[in-house]
Amino acid sequence: MKPTTRGTLAAVVTGVAATVGAAAPAAASGTVPVPVPLGGVSQPLDMKLPRLGAELPLLKPGVPEGPRYVTGRLVPDRTVPRLPVSSGLPGLAARTPLPHLLDDGFDHLDVDSPTGDLRTVTPGLSVDAPLTAPDGGTFGLPGARVPQTGVLPPVLRTVADGNVGTGPGL
């Protein structure tokens, strides 16, 4: 094996190991941190720039509610089941300098919105056939009736939280 091939293989294995090692803590916590690196821009521009960071939640699907069999109906209730999904609201952490107008000092403005729980249930569908169940009075034949459909509404539960504040210094 050539040395360049060995070096390339070692670089690929190192990259895969680093990716797997970084993904495990994010999957365990349920959020992925997203830093916004602005530090390199502040030096060339000779300015104070904001510090930004965010957290993106990971979606966790739940177990769908199965169909329920109801007596007197040919098609089960909840024909298209609703799927529960839990996640979180995205988080934001920002801090920006506020320059003084008359001197060289700075104050700061903080915006902090931590991730919050978000629980949803997707819409579902309930359909009933245009026939009744077979009946002994009609020689075992089903009767005709108006078809019925119903949309099971989606559900969304969350609590959003955030702080905005100012203070002296950076």
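If I filter the range 42-92 down to residues being surrounded by 15 or more Cβ atoms within 10 Å (Cβ to Cβ) and of a type in the set (Lys, Arg), which single residue comes out as nearest to Thr132 (Cα to Cα)? So the residue we want is Arg73.
Of all residues in the range 140-162, those being more than 29 Å from Glu55 (Cβ to Cβ) and either in contact (Cβ under 8 Å) with a residue 40 or more places away in the chain or not in a strand (DSSP E or B) (or both) number 9. Scanning the range 109-134 for residues that are free of Cβ contacts under 8 Å to residues at least 60 places away in the same chain, of a type outside the set (Gly, Ala, Ser) and farther than 12 Å from Arg73 by Cα yields a count of 12. Scoring Val159 on the criteria (1) over 30 Å from Leu38 (Cα atoms); (2) surrounded by 12 or more Cβ atoms within 10 Å (Cβ to Cβ) leaves a single failure, condition (2). Of all the strands (runs of 3 or more DSSP E) wholly in the range 38-139, which have at least 2 residues that are under 22 Å from Pro154 (Cα atoms), of a type in the set (S, T, N, Q) and at pLDDT 80 or above? Qualifying strands (runs of 3 or more DSSP E): 84-88.
Determine whether Gly39 is touching a residue at least 24 places away in the same chain (Cβ under 8 Å) and loosely packed, with under 14 Cβ neighbours inside 10 Å. It is false that Gly39 is touching a residue at least 24 places away in the same chain (Cβ under 8 Å) and loosely packed, with under 14 Cβ neighbours inside 10 Å.
The values are calculated or read from the model by the stated rules, or taken from the named source; none is laboratory data. This one's a predicted model, so the numbers in the text were calculated from it and none came from an experiment. With ideal geometry, Cβ positions are generated from the backbone for all residues, glycine too; neighbour counts draw on all protein chains shown.
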